[in-house]
Amino acid sequence: MNDLNLTTLDSGTAAVSAAKIDALAGRLRGSVLADGDAGYDDARTIWNATIDRRPGLVVQCKDAGDVAQAVRFARDNALLVAVRGGGHNIAGNAVCDGGMMIDLSQMKAVRVDKAAQRAVVQPGATLADVDRETQAVGLAVPTGINSTTGIAGLTLGGGFGWITRKFGLTIDNLVSAEVVTADGETVRASESENPDLFWALRGGGGNFGVVTSFEFKLHKMGPEVLAGLVVHPFADAEAVLKQYRKVVAAAPDELTCWVVMRQAPPLPFLPEEWHGKEVLILAMCYCGDMQAGEKATAALRSIGKPIVDVVGPNPFAGWQQAFDPLLTPGARNYWKSHDLTELSDAALGVLLAAVRALPGPECEVFLAHVGGQADRVAPDATAFPQRNAHFVMNVHTRWRDASDDAAFIGWARSLFDAMKPHAAGTAYVNFMPDDEGARVEAAYGGNYKRLASIKKRYDPKNQFRLNQNVKPAA
């Protein structure tokens with residue numbers, strides 16, 4: 001390894017000798033990479049192809065000890081630090097230019113204790129890793145909706161998906177976490193140990209340290225759920241949505257139904273004449289008794305005159321992977337998101353107009369219905385603030401050619417701006433792109449001041465700033 005000039009926290013550079021870097025490498029079970037080394041380009045390449053950054057140094061960690069060594073090295077040299085987990089990271093904060101990237105993607109172990117109904121999960125694991133181990137023994141933790149999502153980022157931002165209404169957010173099922181703080185020390189956070197840090201980790205993102213282990217409580221569920229898609233012509237979208245909002249308002253906790261509006265992909269069960277045409281999709285999952293599920297989904301499935309209904313028994317782990325083909329790596333992605341406390345007629349009008357002007361075949365707008373158990377937690381019980389039954393709107397813009405950036409990003413921003421009058425003001429930080437730093441305080445609402453105070457205690461120099469950043473209190 002040669003001497004390197006690395007980017008520092010103050011946006012300057014620091015000359016770090018080869019001897020220091022070699023000494024760091026000698027203390028690790030993992031490896032240290034620089035530009036030109038085998039594996040460097042793979043390490044710096046993430047899911048979102050709009051992000052093309054070149055870290056000065058990549059530390060690929062094998063265990064918590066490696067993470068502590070990397071954090072201390074960054075602290076001692078005042079280096080800019082990015083932390084990469086195992087998943088998507090739409091904002092691209094997993095990678096920095098010139099600084100140190102701490103890569104956790106090789107730390108993927110999932111250990112399940114069936115009797116205790118607990119799982120201990122390393123931060124590089126994906127939801128597929130978690131589902132495989134938990135569903136093997138008929139247990140589950142509520143997570144997201146794509147198996148390629150990383151458990152670490154999902155959890156630290158809150159975490160919601162198909163079984164949230166029944167079992168709460170991912171953070172509501174977090175029992176404890178092991179964290180390497182900015183001073184390089186490893187601490188345990190739980191309701192009884194460092195409870196302020198534990199509060200902040202549950203929704204406050206990667207602001208407070210590097211989590212090296214998550215402990216979750218598990219629930220008996222599966223291995224089968226009643227799940228699938230009901231696809232409607234987009235011409236019927238307004239009528240379908242008005243009936244949809246009535247039905248989900250009375251839905252049991254076991255039932256979750258989300259709306260996806262996009263051009264129809266070439267799904268094998270969809271008549272070919274619909275491929276590439278705008279459709280409205282009701283994606284639903286019932287995580288209880290199958291007969292009860294048939295009754296609970298009946299009202300949703302009787303709406304309008306769908307093109308196709310493919311709702312039926314499915315392995316839960318398989319249903320978690322159903323949308324993976326729409327989120328493969330290598331495409332350019334930009335998201336914009338709002339929390340909505342209701343789907344008013346005016347809000348629906350804005351959404352429908354935008355979908356009529358989709359800029360490309362991979363773009364979509366989805367509405368996630370959140371509530372049930374997740375809204376039976378006080379807004380200040382965790383850092384995640386939005387505990388009313390609500391909808392999360394995500395404008396997912398996806399394309400392939402960099403020359404189309406302005407058009408696709410412009411469409412997403414235009415829809416986002418038009419929806420502001422109908423939005424709650426809070427936001428799901430995991431869906432926010434890297435140009436929304438000014439929105440972070442509003443996203444956390446009344447919890448922001450407490451987060452800033454905890455940030456001052458655990459990371460006063462804001463070493464962990466490549467995230468939806470909470471700045472230390474003055």
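Rundown of residues vs (1) part of a loop (DSSP other than H, G, I, E, B); (2) exposed (fewer than 15 other Cβ atoms within 10 Å of the Cβ); (3) not assigned by TED's automatic domain parsing to the domain that holds E185, yes/no style:
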{"position": "D10", "(1), (2), (3)": "yes, yes, yes"}
{"position": "A14", "(1), (2), (3)": "no, no, yes"}
{"position": "A19", "(1), (2), (3)": "no, yes, yes"}
{"position": "A49", "(1), (2), (3)": "yes, no, yes"}
{"position": "D52", "(1), (2), (3)": "yes, yes, yes"}
{"position": "V59", "(1), (2), (3)": "no, no, yes"}
In the range 194-251, residues that are within 18 Å of the chain's Cα centre (by Cα) and without any contact (Cβ under 8 Å) to a residue 40 or more places away in the chain total 0
Read through the list (1) among the hydrophobic types (A, V, I, L, M, F, W, C); (2) surrounded by 23 or more Cβ atoms within 10 Å (Cβ to Cβ); (3) more than 25 Å from T170 (Cβ to Cβ), then give the number of the only condition that A23 fails.
(2)
Is it fair to say A474 is farther than 17 Å from P359 by Cα, assigned to a loop (DSSP other than H, G, I, E, B) and among the small types (G, A, S)?
yes
Out of all the residues in the range 221-243, is one or more exposed (fewer than 14 other Cβ atoms within 10 Å of the Cβ) and assigned to a loop (DSSP other than H, G, I, E, B)?
no
Residue hits (the range 61-86; of a type in the set (D, E) and outside any helix (DSSP H, G or I)) are D63
Quick one: would you say L466 is surrounded by 18 or more Cβ atoms within 10 Å (Cβ to Cβ) and assigned to a loop (DSSP other than H, G, I, E, B)?
yes
Pairs where the first residue, in the range 67-88, is over 11 Å from M100 (Cα atoms) and not assigned by TED's automatic domain parsing to the domain that holds Q122 and the second is part of a helix (DSSP H, G or I) and of a type in the set (G, A, S), C-beta under 9 Å, 6+ apart:
G85/A152; G85/G153; G85/G206; G86/A152; G86/G153; G87/A152; G87/G153; H88/G153
Please verify whether D405 is at pLDDT 95 or above, acidic (D, E) and assigned by TED's automatic domain parsing to the domain that holds L367, treating the condition exactly as stated.
yes
Which residue out of D35, D97 is acidic (D, E) and either in contact with a helix residue (DSSP H, G or I) (Cβ under 7 Å, 6 or more places away or on another chain) or under 24 Å from G184 (Cα atoms) (or both)?
D97
Quickly run through the range 322-364 and pick out the residues that are of a type outside the set (A, V, I, L, M), assigned to a helix (DSSP H, G or I) and surrounded by 14 or more Cβ atoms within 10 Å (Cβ to Cβ).
D324
Any residue that is in a helix (DSSP H, G or I), modelled with pLDDT of 95 or more, assigned by TED's automatic domain parsing to the domain that holds L340 and of a type in the set (A, V, I, L, M, F, W, C) - is there at least one of those in the range 253-273?
no
Could you list all residues from the range 36-47 that are in a loop (DSSP other than H, G, I, E, B) and either in contact with a strand residue (DSSP E or B) (Cβ under 9 Å, 6 or more places away or on another chain) or among the polar types (S, T, N, Q) (or both)?
D37, G39, T45, I46, W47
Being more than 19 Å from the chain's Cα centre (by Cα), surrounded by 16 or more Cβ atoms within 10 Å (Cβ to Cβ) and of a type in the set (F, W, Y), is that true of even one residue in the range 429-439?
no
Residue hits (the range 118-160; part of a loop (DSSP other than H, G, I, E, B) and closer than 24 Å to G330 by Cβ) are P123, G124, A125, T143, G144, I145, N146, S147, T148, T149
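The values are calculated or read from the model by the stated rules, or taken from the named source; none is laboratory data. Predicted, not measured: the structure shown is a model, and the values here were computed from it. Using ideal geometry, Cβ is built from the backbone for each residue, glycine included, and neighbour counts are taken over all protein chains shown.
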